[in-house]
Amino acid sequence: MPHRWFEREPLWFKRAVFYEIHIRGFFDGNADGAGDFRGLIEKLDYLQWLGVDCVWLLPMYPSPLRDGGYDISDFLSIHQDYGTVADFTEFVEQAHQRGIRVIADLVMNHTSSEHPWFQESRANRNGPKADWYVWSDTDEPYRDARVIFVDSEPSNWSFDAVRGQYYWHRFFHHQPDLNYENPEVQEAMLDVLRFWLDLGIDGFRLDAVPYLYEEDGSNCENLPRTHEYLKRVRAEVDAHYPDRVLLAEANQWPEDVVAYLGDAESGDECHMAFHFPLMPRMFVAVRREDAAPLYEILERTPAIPENAQWGLFLRNHDELTLEMVTDEERDYMYDEYAKDPRMRINLGIRRRLAPLLDNGRDEIELMHAILFSLPGSPVLYYGDEIGMGDNVYLGDRDGVRTPMQWTSDRNGGFSHADWAQLYLQPLMDPVYGYQAVNVEAQLRTPTSLLRWIARFIALRKEHPVFGLGSYEPLRSDNSRIFAHIRRWEEDVILCVHNVARSAQAVQLDLSAHAGMVPEEMFGRTRFPAVGELPYLLTLAPRGFFWFQLRRADP
Amino acid sequence: MSFDERVLIEHVMRQRWYGAKSRGVAHAQLLDSVVVSNAEPQLALALVEMRYDTGAHDLYQLLYALRGDELDIDDDVGLARELVRALRAGATLPGVEGTVEFHSVAGFAGLDRDPAEVRWIGAEQSNTSVVLDEDSILKVFRRLEPGVNPELEVLGFLTEHGFANSPALGGWYAYTGGLFVATLGILQTFVRDGLDGWELALDEIAAAPDRFLSRLHRLGEVTGEMHNVLASDASDPAFAVETPSVETLGLLTATVDEEVERAFLELSDDDEALAPIAGRGEDVREQLRLLSHGGPAGKVIRTHGDYHLGQTMWAGDDWVILDFEGEPLRTFAERRRKRSPLRDVAGMLRSFAYAASAASFLPGAESAEEWEARARGQFLDGYFGTVDPSLLPTGSAAAERLLSVFELEKAVYELRYELDNRPDWVRIPVAGILRLMEQPAAAP
């Protein structure tokens, strides 16, 4: 029986730092050219040192890999490249022993067209699985649903010659949508969840949840019955699997996303949801040197249930999505961050954090500071902690999924396989290549980005206020300053960020905190006490201060 | 049974084993309680959560006796007897939210009878202990962490694998509830008439320094043997020897480097004891970088984890090693981490520096520095002659460099600890850091 290494803590995810891992790209434990669970186990000490509380694994299931594994052909097994179910449970146990929890991607909306369910469904119109997918004689229904992968899919319907009917797919044509009208499908997906929960997994990142149900006359997103089903999933988890988390991927406006967290009082749907619109605005703010987009999107962010949390991120395995911005903002983002059309995909930019910020160390630190200061749990993307680059010449989103760069040795220390065997070659360019950017070198260099991020994670984790506290915006006359107060119980934190390329001065109205002494949190330097007059701060270009407001010593 | 929150907070905060004396407590909450005996007085144990005003919290185990309406939250002899009785019976006692299970190890000598004589002895940092008939001792963990206490794991492993120089595990009791699982107490052999290694050092350095040096040679051998046994079972995943991943040395160095930086950041400019190292933080970090340019780091194994003279006893004719809990301020996840056995060795060497400094030497005899150098030589000679060399980095130069990294880690920790707690002792880690800086670090 696996040991229990955690205290019961239903809200652990509110204080956690998440770390997203592409198993294929992290570490190759068996020298076959692709990352796997044995390799992940070897790197747990690194993740523990970094301060990660929860690992989020990209899809780990058998798949023809036509969509990075989001095209699942068997929900109850592990992709052979990654190992076995036993390897997975060993990984979970080893992670738990180090105080690290594990959640995994799960796609509820659709399967791969190679899934036996679909093969059975297309082969027999009268068979037991005939109704497990959404079939139609015409491609007429649900006209108002937008096409998401606009670059590759002309329609949400594709014709299947075997069955002689159209089938519905919100994503690629090789990813048929499951038919949630069918109670057997609802039950089957609950069985999938139970299977992994019984093995000790700490939760799921639920991919593409807004699209479970379809209805004519609607855009087929966020339908009430979709929410009903998710509530059923939550009830099942709450009843039998305490301390697990459901993290919704709903790329929607905050006012719509909030619905995925359930009832405002009881929070009876997903525990967490990603805050998608925040992220592009962080990039807009630093490029325009204007804090307004940040204040505005946070103002527009509705309150969430007490037991729920936002997932915040700078980058992830997908394109930097620009669905949740206005056309004008999108044009601006494309102009500023994706001048080369190769950098664009669908409605987004397929680049990693460091290249997006021109590898500017101050900018990378500032973005992390803003991210870590906001109400929510930060989700880091593997490789961004060392400032890895991307390869825009690779297809689809592979450019941001290249192997983790561990050392300056062969294959970047990622694999002992032959170079030609690797699933993707590691970056080798002079700026971002593994000779220049790798974990080993950055561990040795006290001023490296990696060491800075580890220190920053440790600092954030010393103060539950960042995960649990209130957010109070602090506007000033200087539009280049993003300042706010976080408060939880007795801990009061003042965060001030300069999004400009130039040094700035700002006068903040801190009269509500008169008598308190700001103590800078990195160096523990005490600043002059707050009085009744506006508090003057000067900040370096792209600089920031975090202060703990302490009572003056008697 | 209900507690007044204030009474509970005040009681816990008075205890030596209460670890968070400088933090403001916002709330105390009784999480569960288990009645051990229902006679008069009622004897019970309680699990309490102390919540601090920054939002963090800790778990504690309280023992109490209820005489009529009067609550006595103190170590009670009757309660200790009841706990031993429950161990003998292999009892399972219900609480409100969970259960406490008692286990005994078959054949353990101290459990064949009710103890006649029971006495509580001094509290440690995170536990209190009760001695039974002078032949076994029940250690009651007061500050709790979820999971299996490393002392239970390691003592059980050493007992099972026939290590002769540690107490035998006799039994344990543990809580299993919806909120957490935790080891609450461990019964083990009591080392009768044992002389505490630290006390013995202070006595013999003054009276018979050469005799003590030969004992240290033996301590080196016992330490090597302990590591050999800890590395002896590949079939137990918690103890199997592992080859560290490539970045292990890098992670260690980065961790120590951060600690050096933080320690030097806090140093005051006008403390005379600090003068020899004042302003030399960058030199220390440079030395650390040179030391860490080693080859393969050897193997990693489960270790003692908090190894120093105070964790040893001279029991008439040989050493006994005690206290496998690991460093009480670290989390179980950190304490259970497999590490190079040289980390234990470094802990013991630092302990010699303290002993040399605290002892009084005979007039005209050798200096403290000379004695420390000989003590190190004796101990290391015994150790390297015994330990399985495959556990260590290849070649003595590489082993010594890794040992120096661990010594530096320890000395920097001591520096911060002494500055906070015992300013008079600061010169000891200062001298240690200085010595490590002056030794040649580059690979030959």
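Based on alpha-carbon positions alone, could you give the equivalent ellipsoid semi-axes of region A:110-177 from the gyration tensor, as √(5λ), descending, whole Å?
20, 13, 9
In whole Å, largest first, what are the principal axis extents of the Cα atoms in region B:195-438?
Here the spans come out as 52, 45, 32 Å, largest first.
May I ask you to give the average projected area over all directions of the convex hull of the Cα atoms of region A:384-462, in nm² rounded to one decimal?
If you wrap the Cα atoms of region A:384-462 in a convex hull and average its projections, you get 6.1 nm².
Which loop GluC sites (Glu not before Pro) in region A:120-213, with loop taken from DSSP, have no more than 14 other Cβ atoms within 10 angstrom of their Cβ?
Sparse-neighbourhood loop GluC sites (Glu not before Pro): A:GLU181.
How large are Rg and Dmax for the protein assembly as shown when only the alpha carbon atoms are used, in Å?
Calculated on Cα positions, Rg and Dmax stand at 30.6, 106 Å.
How many times 2.2 N^0.38 Å is the alpha carbon radius of gyration of region A:471-551?
1.01
Could you give the size of the charge dipole of chain A about its Cα centre, using +1 on the Cβ of each K and R and -1 on the Cβ of each D and E, expressed in debye and rounded to the nearest 20?
Roughly 1780 debye for chain A.
Please report, in whole Å³, the volume per residue of the convex hull around the C-alpha atoms of chain B.
Output value, Cα hull per residue: 161 Å³.
Helix A:449-461: angle to the longest alpha-carbon principal axis of chain A, degrees 0 to 90, nearest 10?
Around 80 degrees separate the two axes.
Place +1 on the Cβ of every Lys and Arg and -1 on the Cβ of every Asp and Glu in region B:5-189, take the dipole about the Cα centre, and give the residue among B:VAL118, B:LEU43, B:ILE9 whose Cα lies farthest towards its positive end.
Looking along the dipole axis, the top candidate is B:ILE9.
For the residue pair A:MET428 and B:GLU327, what label-to-label distance in nm results when each label sits 7 Å from Cα along the Cα-to-beta-carbon direction?
Going by the 7 Å Cα→Cβ label model, 4.3 nm.
So what's the Cα pair-distance distribution over region B:263-397, bin width 10 Å, in %?
Final binned percentages: 10, 27, 39, 22, 3.
Which of the residue pairs A:LYS43/B:LYS299; A:LYS43/B:LYS338; A:LYS461/B:LYS299; B:LYS338/B:LYS410 have a Cα-Cα distance greater than 21 Å in the structure shown?
Over 21 Å Cα-Cα: A:LYS461/B:LYS299.
Mind pulling the angle between the C-alpha long axis of helix B:396-421 and the longest principal axis of chain B? Nearest 10 degrees, somewhere in 0 to 90.
Orientation of helix B:396-421: about 60 degrees from the principal axis.
As an exercise, identify the chymotrypsin sites (Phe, Trp or Tyr not before Pro) in region A:354-430 lying in DSSP coil whose Cβ has no more than 14 other Cβ atoms within 10 Å.
Counting only loop positions with at most 14 other Cβ atoms within 10 Å, the chymotrypsin sites (Phe, Trp or Tyr not before Pro) in region A:354-430 are A:TYR393.
Do you know the relative contact order of chain A, to the nearest whole percent, from alpha carbon pairs under 8 angstrom that are 6+ apart?
It rounds to 12 percent for chain A.
Going by alpha carbons, how many degrees (0 to 90, nearest 10) lie between the helix axis of A:361-373 and the longest principal axis of chain A?
So the inclination is approximately 80 degrees.
For a test of the definition: using alpha carbon positions, the gyration tensor, and the 1.5 limit on a/c, classify region B:172-299 as rounded, prolate or oblate.
Oblate shape, in that a/c is at least 1.5 and b/c is the bigger or equal ratio.
Cα convex hull of region B:1-141: how many Å³ per residue?
Each residue corresponds to 115 Å³ of Cα convex hull volume.
Using the scaling law 2.2 N^0.38 Å as the reference, what is the normalised Cα Rg of region A:1-59?
Taking N as the residue count of region A:1-59, the ratio is 1.29.
Cα centroid distance between region B:367-444 and region B:286-364, in Å?
Their Cα centres are 10 Å away from one another.
Evaluate the distance, in nm, between pseudo-label points positioned 7 Å from the Cα of B:ASP4 and of B:GLU366 along their respective Cα→Cβ axes.
For B:ASP4 paired with B:GLU366, the spin-label model returns 6.0 nm.
Grab the eigenvalues of the alpha-carbon gyration tensor for region A:231-349, scale each by 5, take roots, and send me the semi-axes largest first in whole angstrom.
31, 16, 10
With point charges of +1 on the Cβ of Lys and Arg and -1 on the Cβ of Asp and Glu, referenced to the Cα centre of chain A, which listed residue (A:PHE13, A:SER511, A:LEU178) lies farthest in the positive direction of the dipole?
About the Cα centre, the residue reaching furthest to the positive side is A:SER511.
Have a look at B:MET226, B:MET313, B:MET50 and tell me which one the Gaussian network model of chain B (Cα, springs below 10 Å) gives the largest fluctuation.
Evaluated over chain B, the most mobile residue of the options is B:MET50.
Could you tell me, in Å, what Rg and Dmax come out for the Cα atoms of region A:43-93?
12.6, 35
How big is Rg to Rh over chain A, alpha-carbon atoms, Rh as the Kirkwood inverse-mean-distance radius?
Looking at chain A, the ratio lands at 0.97.
Quick check: the distance between the Cα centres of region A:125-155 and region A:264-295, to the nearest angstrom?
32
What is the magnitude of the charge dipole of the protein assembly as shown about its Cα centre, with +1 placed on the Cβ of each Lys and Arg, -1 on the Cβ of each Asp and Glu, and no other charges, expressed in debye to the nearest 20?
Dipole size: approximately 1300 debye.
Between region B:79-152 and region A:194-245, how many Å separate their Cα centres?
The two parts, judged by their Cα centres, are 46 Å apart.
List the aspartates and glutamates whose alpha-carbon lies under 15 Å from that of A:LYS14, not counting same-chain residues fewer than 8 positions away?
Partners found: A:ASP53, A:ASP202, A:ASP243, A:GLU306, A:GLU462.
Each reported figure results from applying straightforward, stated rules to the coordinates on display, with no laboratory input. Remember, it's a predicted structure, so these values are computed and weren't measured experimentally. Cβ coordinates were reconstructed from backbone atoms using ideal geometry, including for glycine residues, and neighbour counts include every protein chain displayed.
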